[in-house]
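Report on the structure given below.
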Amino acid sequence: MEKTKLRGIMLEHSDGDFEYYCPKLTKEDEDALFKILGKYGDNNPSTRGDIPKYCHEIVSVLAED
């Protein structure tokens, strides 16, 4: 079974502009990010499924916060 992959990081700037990064992460970086994500568990909202198809909806939901 393949390991879960980190595909990118999305930021929302103070002006509401979104930025998406797809960095080449080291194993150490990935381990650190998975540790941070694991700290919050599955009790937080997330979007799964066909993200490219629903990208505009995801961004609009994020913009509502």
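Where a number appears in this text, it was derived from the coordinates with a stated rule and is not lab data. As the structure is a prediction and not an experimental result, all values here were calculated from the model. Note: ideal-geometry Cβ built from the backbone for every residue, glycine included; neighbour counts use all protein chains shown.
Couple of notes before you dig in:
- A simple spin-label model places the labels of Tyr54 and Glu2 2.1 nm from each other, with each point 7 Å out along Cα-to-Cβ.
- Residue-wise HN-Hα couplings along segment 33-39, as the Karplus relation 6.51 cos²θ - 1.76 cosθ + 1.60 with θ = phi - 60° gives them from phi, are 5, 5, 5, 4, 4, x, 4 Hz; Gly and Pro carry x.
- Positive minus negative residues near Leu11 (Lys, Arg vs Asp, Glu; Cβ under 10 Å): -3
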